[in-house]
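Report on the following structure.
Nothing in this text is a laboratory measurement; each read-out follows from the coordinates by a stated rule. The structure displayed is predicted, hence computed values, not measured ones. Reconstructed Cβ throughout: ideal geometry from the backbone, glycine too, with neighbour counts over all protein chains shown.
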Number of protein chains: 2
Amino acid sequence: MTKRSSSVTIRDVARQAGVSVATVSRYINRNAPVSEGVSCRLEKVLSELKYVPHAAARHLASRKTRVIGLLLNNLHNDFFVPLLNGVEAVVRRKGYNLIIATYHADSRKEMLPPIGPHNTDGLLVFSDGLFDEDLINLNASGFPMVLVHRTPPPSVPIPSVTVENVEVTRKLIEHLIQVHGRRRIVFLRGPLHQEDSCKREMGYKSALQANGIPFDENLVLNGDFERDIAFQVMDQFLGNDRQVAFDSVFTGDDDAAIGVLRALHQHGVRVPEDVAVIGFDDLGFAPFLNPPLTTVRAPTESVGRIAAERLFGLLENQPSDEVMILPTEIIFRRSCGCQ
Amino acid sequence: MTKRSSSVTIRDVARQAGVSVATVSRYINRNAPVSEGVSCRLEKVLSELKYVPHAAARHLASRKTRVIGLLLNNLHNDFFVPLLNGVEAVVRRKGYNLIIATYHADSRKEMLPPIGPHNTDGLLVFSDGLFDEDLINLNASGFPMVLVHRTPPPSVPIPSVTVENVEVTRKLIEHLIQVHGRRRIVFLRGPLHQEDSCKREMGYKSALQANGIPFDENLVLNGDFERDIAFQVMDQFLGNDRQVAFDSVFTGDDDAAIGVLRALHQHGVRVPEDVAVIGFDDLGFAPFLNPPLTTVRAPTESVGRIAAERLFGLLENQPSDEVMILPTEIIFRRSCGCQ
DNA sequence: GCGGTTACTGTAAGCGGTTACATTCAAAGC
DNA sequence: GCTTTGAATGTAACCGCTTACAGTAACCGC
């Protein structure tokens, strides 16, 4: 029953090595010259005492946390694995720590954002929980942020990294129409104000229009980019005595595609014979779904990596306001009717 | 060009409200009575000034970070989504923050663990980067930890949450043998010292032995529980002029199963006719792989949730040393030959 | 030999909170 | 009325670092 883990402090090190705490600090941070002899002694003492600087004390004194935050709407999507991977790799390389937190528009009633200037040096924002006005305020106060899959408010110079949604979706839907003769195409939206979802809806509508197909509100469902919700929504849609005829589904993203495929399967609908299905993201499992999923390949790990790198750019005073849109590419597989 | 975001401090609040900083602190933390009148005034001032306490200052003074850490070997697996989900939900509910970091045995050469007593109040350890001796030392110093998918060193009272591996694997392999007549069963290990992998290997061997099948080292490959590595290993195994005959693959986990299925597919091997395939975890995509994957359902989100809850139990001084093994269940689908 | 550098080191004042201890004051007990 | 008590508040000492400032000694060029 240890009383307390009274950890070893910089003063212990200083005393043991016979120098001042300032010298120890300088040696550790390598931000001022320290003589050969003292360096040797410190190296020895540090490892003997197993000294680890107390993070909070460091943060308080230096006004830097060496932590960056990743703010997500939720964690209900396999999509986040490559994203996290990209972010984490950069953060680790830089010797920083990564806090991840979920926060969405509804959270605002209950709490303030769990991460921000009070506990991080900068934020990657993949969340609708921070409104444009919040972004503007934070940015005005000089807090470094990079938006992920989200465009900054007009003429606010916050850098952003996202993927091309509109054009690729339009092409994908046109493929369904022109190659496979589908005209009753269901679209599963993502979260209501999520930008990817809006952009994909734009692409969807523009493809319909360009091909003389009237937009039918009954064909638009809310799948939330989530496997389980997509399943429920689709299950209900199908159970509804099939009042609404349809011949294909754009699931919004690959995660939702899993739910859609399960629902179709349970209702005895054949894919792609009866209903064609297409997704978005090309997550690792997409080629091995049943049938293999036609989808859009999005460079999600790169998005994470680049966003993190740009955030560190800001921390190192390389200002930027670029909106970066990484290219995407359609991957044709069986689920749309190809092959 | 703001000079600095000179944020509002507790002293500003105190001055504005005409009270001492101590009173403000007490009001915020609600750890001592504050009179009605002062409370009202403070409430108003706090929201006017948009005061947010500086985390590091708080940590330093209170010796609590209100942060817990999750240490992972890597982030290369969809398995981590449900795990993170469970952990994050609890952490958020408790008003804490979550740092995630990757650290594995090889990282030890380059760096100390990025998270520990210096920057967190407790750790969830799902990593082989901390050796038993590290765990013993940390535990002896009173640092709260919960092990995830890992058993504590003998007679060291660190709580642990994992899933049942050995018996369920034995049954799964016996199913391949007894129901589908397979006898040349490839096993893809996970990371070498990962406990799940070892336990599953035990189950695998025990099933072979119980059924009079000699263990053949040539059938054991290192898939690392990773999609891409599993693919490469399997691809090479198949390309090797098929010197080693086999009729089934236990992929170690579902993520590796994706790689294995892709490799088999590319080599024109039919599943399950030529080769049966089974996985572990029952990730969301498993029912929709091609063919649907026979696997073991593991309650991964519960593991995350329970582990986090137990860590908070430790923080609240409810000691525990229980090793918790959550039950698992085989899910039969097409890939083993069923249906 | 002297002023001006340069290299190294120490002293001590914060950073922005928490909290032990002291103080004040009104209500209660006798 | 006087002491006791407890609620409410203030004062100030930390928490463990960083860093501005100051100081010393050695070295440089002239």
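Of the GluC sites (Glu not before Pro) found in the stretch A:71-178, the ones in coil according to DSSP and having at most 16 other Cβ atoms within 10 Å of their Cβ are A:Glu110, A:Glu164. GNM on chain A, alpha-carbon springs under 10 angstrom: the most fluctuating residue among A:Pro53, A:Pro159, A:Pro114 is A:Pro53.
Looking at chain B only, what percent of DSSP beta bridges run antiparallel? Nearest 5 please.
Taking every DSSP beta bridge with both residues in chain B, the antiparallel ones total about 10 percent.
Note on the stretch A:59-144: dipole from Cβ charges, positive end direction compared against A:Ser62, A:Pro117, A:Leu135; the farthest Cα belongs to A:Ser62.
Evaluate the distance, in nm, between pseudo-label points positioned 7 Å from the Cα of B:Thr151 and of A:Thr151 along their respective Cα→Cβ axes. That separation, rounded to one decimal, is 5.7 nm.
For the stretch A:41-144, the relative contact order comes to 32 percent (Cα pairs under 8 Å, sequence separation of at least 6).
In summary, the convex hull built on the alpha carbon positions of the stretch A:49-132 has an orientation-averaged projected area of 7.2 nm². Legend: mean number of C-beta atoms from other chains within 10 angstrom of residue C-beta atoms, peptide A:17-26, equals 0. Bridges between two residues of the protein assembly as shown, per DSSP, are antiparallel at a rate of about 15%.
Working from label points 7 Å from Cα in the Cα-to-Cβ sense, the B:Met111 to A:Phe332 distance is 4.5 nm.
Each peptide in B:56-64, A:257-265 gets a packing score, the mean of other Cβ atoms within 10 Å over its residues, and the list from highest to lowest is A:257-265, B:56-64. Counting from the shortest, the label point at B:Cys198, 7 Å from Cα toward Cβ, is 5.2 nm from the same position in each remaining copy. Of the Cα atoms belonging to the stretch B:166-227, the radius of gyration and Dmax stand at 11.2, 31 Å.
Which pairs, out of A:Lys109/B:Lys94; B:Lys94/B:Lys199; B:Lys109/B:Lys205; A:Lys109/B:Lys50; A:Lys109/A:Lys205; A:Lys50/B:Lys64, put more than 23 Å between their alpha-carbon atoms? Long pairs (Cα-Cα over 23 Å): B:Lys94/B:Lys199; B:Lys109/B:Lys205; A:Lys109/A:Lys205. Taking every alpha-carbon pair within chain B, the share separated by more than 25 Å comes to 60 percent.
The peptide list B:184-196, A:308-320, put in order of mean Cβ contacts within 10 Å with the highest first, becomes B:184-196, A:308-320.
B:Val24 sits among other residues whose Cβ lies under 14 Å from its own Cβ, and their net charge, with Lys and Arg +1 and Asp and Glu -1, is +4.
Over the stretch B:1-144, what number does the Rg to Rh ratio reach, with both radii from the alpha-carbon atoms and Rh per Kirkwood? Ratio value, two decimals: 1.10. Any idea which of A:His267, A:Pro327, A:Thr300 is furthest toward the positive side of the dipole for the stretch A:216-339, if Lys and Arg beta-carbons carry +1 and Asp and Glu beta-carbons -1? Looking along the dipole axis, the top candidate is A:His267.
Computed log10 I(q)/I(0) for the stretch B:106-195 at 0.11, 0.22 Å⁻¹: -0.46, -1.12, from the Debye equation with unit scatterers placed on every C-alpha and solvent omitted. Sorted largest first, the spans of the alpha carbon positions of the stretch A:6-91 along the three principal axes are 54, 25, 23 Å.
Between A:Val179 and B:Arg93, how high is the FRET efficiency from 1/(1 + (r/R0)^6) when r is the Cβ-Cβ distance and R₀ = 60 Å? Nearest 0.05. Please list the in-between numbers first.
Working: r = 49 Å, r/R0 = 0.81.
It comes to 0.80.
Each label was represented as a point 7 Å from its Cα along the Cα-to-Cβ direction; for B:Ala32 and A:Glu316 these points are 4.7 nm apart.
On the basis of the beta-carbon distance and an R0 of 22 Å, A:Arg270 and A:Ala245 show a calculated FRET efficiency of 0.90. Over the stretch B:117-188, Cα pairs under 8 Å with separation of 6+ residues give a relative contact order of 22 percent. By the compact-protein rule of thumb, 2.2 N^0.38 Å, the alpha-carbon radius of gyration of the protein assembly as shown corresponds to a ratio of 1.05.
In the assembly of identical copies, A:Asn211 has its label point, taken 7 Å from Cα in the direction of the beta carbon, separated from the corresponding points by 4.9 nm (ascending, one decimal).
Look at the stretch A:57-70: the mean tally of other chain Cβ atoms within 10 Å of its residues' Cβ atoms is 3.
Note on the stretch A:76-229: the alpha carbon radius of gyration divided by the globular reference 2.2 N^0.38 Å gives 1.22. Once C-alpha pairs closer than 8 Å and six or more residues apart are averaged by separation and normalised to the residue number of chain B, the relative contact order reads 17 percent.
Full extension of the chain between A:Val8 and A:Ser141 gives 44.2 nm of extra length, using 0.36 nm per residue less the Cα-Cα distance.
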